[in-house]
Amino acid sequence: MIKLNYKELNNNIYIENLSCFDLKQTLDCGQAFRWEEIGDNIWSGVAFGKLLKLEKTADNIIILYNTSLSDFENIWFDYFDFQRNYDEIITKISQNPILKSASEYGKGIRVLNQEPWETLCSFIISQNNNIKRIKGIVNRLCENFGEDKGGYFSFPTAEKIASLSLEDLAVLRSGFRAKYILDAAKKVASGEIDLGNLKNMTVDEARNELMKIKGVGPKVADCALLFSHRHIEAFPKDVWIKRALEVLFGGELPEEACEYAGIVQQYIFFYARETKLKID
């Protein structure tokens, strides 16, 4: 755990000298879908029913605008994983020269701790989809079925979605994913799937639990576990990541990285994309 240097002034939160946090790398890497860049290193998004604008200044100060100290300490501190020492993780995995290079490229990425239902639903939507279209479906989901918070919409609850029909969900234009969204909502709303308990299970147990939902395979389950249930050892694998592992490491993640596999996965993805690694 790190000691964070922050203060509240005029209803803004100022964080000084925080390492390993780049807004674009963190908010635009495909782990969350309700963030938009609205200015030079200024981002706006909605999480846990709250609208937030934040900026990283040229002198490395993070500003969270219109944010109370209470909201920062009870929502955003955890959401942005500010308690975790990413410098320490990078030092440990840098025993491997390839991981050292990868972490140097992606060291601004932090793994977000998101609301579990929103994360599960969003990654069900993400299947065989691109970022622009995922964001469009998520936005339509919120605008049609979320709570109007006065200028923005919250993510609809599982209970709300479970009360709907496939015909109701047609407005999302989500294709085959609608029936999976509805099945997930019904299983979560009924308590058949207890999202709150997944962080207390082993990653294998939690993955198997999520895969009881129609349309949820290992990758979607691991994304949900990594980005909302604190299972940083979860390692979402698609064809692209499997190829990157093969090219970089002969198919297996190095042993020193396994404890932080989910964070390392983000570094590998970013490194491969930025260096245009030939993995086809």
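Straight distance only, please: which lysines reach the Cα of LYS132 with their own Cα at less than 20 Å, same-chain residues fewer than 8 apart left out?
Within the straight-line cut-off, LYS132 pairs with LYS24, LYS219.
Calculate for the chain the 222 nm mean residue ellipticity that helices alone would give, adding -39,500 (n - 2.57) per DSSP H run of length 4 or more and normalising by residue count, nearest 500 deg cm²/dmol. If you can, show how the numbers build up before the last one.
Details: 12 runs with 115 residues, N = 280.
Here the helix-only value at 222 nm equals -12000 deg cm²/dmol.
Output the Cα-based Rg and Dmax of the stretch 116-228 in Å, rounding Rg to one decimal and Dmax to a whole number.
Calculated on Cα positions, Rg and Dmax stand at 13.4, 41 Å.
Given Cα pairs under 8 Å that are at least 6 residues apart, what percent is the relative contact order of the chain? It would help to have the intermediate numbers written out before the result.
Working: 425 pairs, mean separation 50.8, N = 280.
Computed value for the chain: 18 percent relative contact order.
Under unit Cβ charges (Lys, Arg +1; Asp, Glu -1), what dipole magnitude, rounded to 20 debye, does the stretch 235-280 have relative to its Cα centre?
Taking the Cα centre of the stretch 235-280 as origin, the dipole is about 300 debye.
Please say if the stretch 183-253 is rounded, prolate or oblate, where rounded means a/c under 1.5 for a ≥ b ≥ c the square roots of the C-alpha gyration tensor eigenvalues, and otherwise the choice is prolate for a/b larger than b/c and oblate otherwise?
Details: a/c = 3.32, a/b = 2.02, b/c = 1.64.
Since a/c reaches 1.5 and a/b is larger than b/c, the shape of the stretch 183-253 is classed as prolate.
Among all stretches of the chain without exposed GluC sites (Glu not before Pro) (DSSP loop, at most 15 other Cβ atoms within 10 Å), which one is longest? Please list the in-between numbers first.
Values: sites that count: GLU147, GLU192, GLU252.
That gives 1-146 as the longest site-free run.
Report, as a whole number in µm² per second, the diffusion coefficient that Stokes-Einstein gives for the stretch 52-93 at 10 °C and 1.306 mPa s using the Kirkwood radius over alpha carbon pairs. Walk me through the intermediate numbers first.
Details: Rh = 11.9 Å.
Answer from the Stokes-Einstein relation: 134 µm²/s.
Between ALA170 and LYS242, what is the label-point separation in nm under the 7 Å Cα-to-beta-carbon projection?
Using points 7 Å along Cα→Cβ, the separation is 3.7 nm.
Given R₀ = 45 Å, FRET efficiency for ASP59-GLU143 by Cβ-Cβ distance, to 0.05?
Details: r = 37 Å, r/R0 = 0.83.
It comes out at approximately 0.75.
Give me the extension gain from SER68 to ASP40: residue separation times 0.36 nm, minus the current Cα-Cα distance, reported in nm with one decimal. Don't skip to the end; give the middle numbers.
Numbers: separation 28, 0.36 × 28 = 10.08 nm, distance 2.37 nm.
The span from SER68 to ASP40 would gain 7.7 nm if fully extended.
Assigning unit charges at the beta carbon (Lys, Arg +1; Asp, Glu -1) and nothing else, what dipole magnitude in debye, to the nearest 20, does the chain show about its Cα centre? Can you show the working numbers first?
Numbers: 35 positive and 40 negative charges, 161 e Å.
Computed charge dipole of the chain: roughly 780 debye.
Once the Cβ-Cβ distance between SER94 and ASN129 is put in as r, and R0 is 25 Å, what FRET efficiency do you end up with, to the nearest 0.05?
On the way: r = 34 Å, r/R0 = 1.35.
So the FRET efficiency works out to roughly 0.15.
Treating only the Cβ of Lys, Arg, Asp and Glu as charged (+1, +1, -1, -1), what charge dipole size does the stretch 116-228 show about its Cα centre? Round to the nearest 20 debye. Kindly include the intermediate steps, with their values, before the conclusion.
Numbers: 16 positive and 14 negative charges, 98 e Å.
The dipole magnitude comes to about 480 debye.
Projected onto the charge dipole of the chain (+1 at Lys/Arg Cβ, -1 at Asp/Glu Cβ, origin at the Cα centre), which of ILE241, GLY175, SER122 gives the Cα projection farthest towards the positive end?
Farthest along the dipole direction, towards plus: GLY175.
Which Rg and Dmax, in Å, describe the Cα atoms of the stretch 6-83?
According to the Cα coordinates of the stretch 6-83, Rg and Dmax are 11.6, 32 Å.
Regarding the chain, what are the three Cα extents along the principal axes, ordered largest first, in Å?
52, 52, 34
Once you have a ≥ b ≥ c as the square roots of the Cα gyration tensor eigenvalues for the stretch 1-41, tell me rounded if a/c is under 1.5, and otherwise prolate or oblate according to whether a/b is larger than b/c. Don't jump to the answer; show the numbers that get you there.
Working: a/c = 2.37, a/b = 1.46, b/c = 1.62.
Oblate shape, in that a/c is at least 1.5 and b/c is the bigger or equal ratio.
Using a Gaussian network model of the chain whose springs link C-alpha atoms within less than 10 Å, name the residue from ALA58, ALA185, ALA162 with the highest mean-square fluctuation.
Highest fluctuation among the options: ALA58.
Just list whichever of LYS179/LYS237; LYS179/LYS214; LYS179/LYS242; LYS135/LYS237 have alpha carbons separated by over 19 Å in the model shown. Don't skip to the answer; put the middle values down first.
Details: LYS179/LYS237 23 Å; LYS179/LYS214 8 Å; LYS179/LYS242 28 Å; LYS135/LYS237 21 Å.
Cα-Cα > 19 Å for LYS179/LYS237; LYS179/LYS242; LYS135/LYS237; rest within.
We did not get these values from a lab; they are worked out from the coordinates using the rules stated. Note that this is a predicted model, so its numbers are computed, not measured. Every residue, glycine among them, receives a Cβ derived from its backbone with ideal geometry; neighbour counts consider all protein chains shown.
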